[in-house]
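Shown next, in structure tokens, is the structure this report addresses.
The values are calculated or read from the model by the stated rules, or taken from the named source; none is laboratory data. The model shown is predicted, which means the values in this text are computed figures rather than measured ones. Ideal geometry is used to build each Cβ from the backbone, glycine not excepted, and the neighbour counts take in all protein chains shown. These area figures cover heavy atoms from the full protein model, side chains too; ligands, DNA and RNA do not enter into them. Shrake-Rupley method; radii C 1.70, N 1.55, O 1.52, S 1.80 Å.
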Amino acid sequence: MEYRMDERGGRLILEEEWGNSRSHSMSGEVIWTLTLPEGMDFEFSTASGELTLSGPLGDIDASSASGDISVTGPVGKVDASTASGDIEIENADGDMDVSTASGKVVLINVVGKKDVSTASGDIRIEDSKDDIDLSTASGEISAKNVEGDMHMSTASGEIGISGAKGVFKL
């Protein structure tokens, strides 16, 4: 395995290479531990791997083809997506665009407009303020202690709402 660290355009770039996949198969685990300045924005992308972040950080842009994404703030705006994996965000204070094709989404203590979708998985949101758009094709939606304009939809599943204030569209 080879890794590279480089700074380009004011960004720290970390890259891994696991050898030539045509000649043999390789697997393993690499754990990167980074300490970032408070309020710094963070961008992450991987084909297969999980990401765990804890703030205080700025805006987060994270994507994974296969792997969980977990963010504990305080953080700002969050854009997070995974094809196969769960997404959990706690203590965020900015707009969110969160999606997963197959996995659950959990949002706790979040402020800002939220656009959340999953094709196959549950969505749970607690202690939220501002507008919410939640949709799942196959899964349940649970909203507790939420405020704002809310649009929630599921093609196959239940919607549970408690302690909510605002305008609902189900």
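Listing for the model above:
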item: Filter pass, L107 being in contact with a strand residue (DSSP E or B) (Cβ under 8 Å, 6 or more places away or on another chain) and modelled with pLDDT under 95; result: no
item: Residue tally, condition open to solvent by less than 60 Å² (accessible area, probe 1.4 Å) and on the phi < 0 side of the Ramachandran plot, over region 104-119; result: 11
item: Verdict on E147 being modelled with pLDDT of 95 or more, of a type in the set (D, E) and open to solvent by 40 Å² or more (accessible area, probe 1.4 Å); result: no
item: Qualifying positions in region 50-77 - out of contact with any Asp or Glu (no Cβ under 9 Å at 6 or more places or on another chain) and of a type outside the set (S, T, Y); result: L53, A65
item: Qualifying residue in region 74-83 (condition: among the hydroxyl-bearing types (S, T, Y), assigned to a strand (DSSP E or B), free of Cβ contacts under 8 Å to residues at least 40 places away in the same chain and open to solvent by 50 Å² or more (accessible area, probe 1.4 Å)); result: no
item: Selection count, region 39-71, where residues are closer than 12 Å to E90 by Cα and surrounded by 17 or more Cβ atoms within 10 Å (Cβ to Cβ); result: 5
item: Of all residues making up region 86-95, the number that are under 23 Å from S120 (Cβ atoms) and open to solvent by less than 10 Å² (accessible area, probe 1.4 Å); result: 2
item: Options I132, I125; residue that is surrounded by 22 or more Cβ atoms within 10 Å (Cβ to Cβ), modelled with pLDDT under 95 and not aromatic (F, W, Y); result: I132
item: Filter result for V98 (crowded, with 18+ Cβ neighbours inside 10 Å and on the phi < 0 side of the Ramachandran plot); result: yes
item: Candidates V110, V146, V98 - the one that is closer than 26 Å to S48 by Cβ and either in a strand (DSSP E or B) or out of contact with any Asp or Glu (no Cβ under 8 Å at 6 or more places or on another chain) (or both); result: V98
item: Close pairs (8 angstrom Cβ cut-off, 6 or more residues apart or separate chains): modelled with pLDDT of 70 or more in region 24-37, among the charged types (D, E, K, R) and surrounded by 10 or more Cβ atoms within 10 Å (Cβ to Cβ) anywhere; result: V30/E16
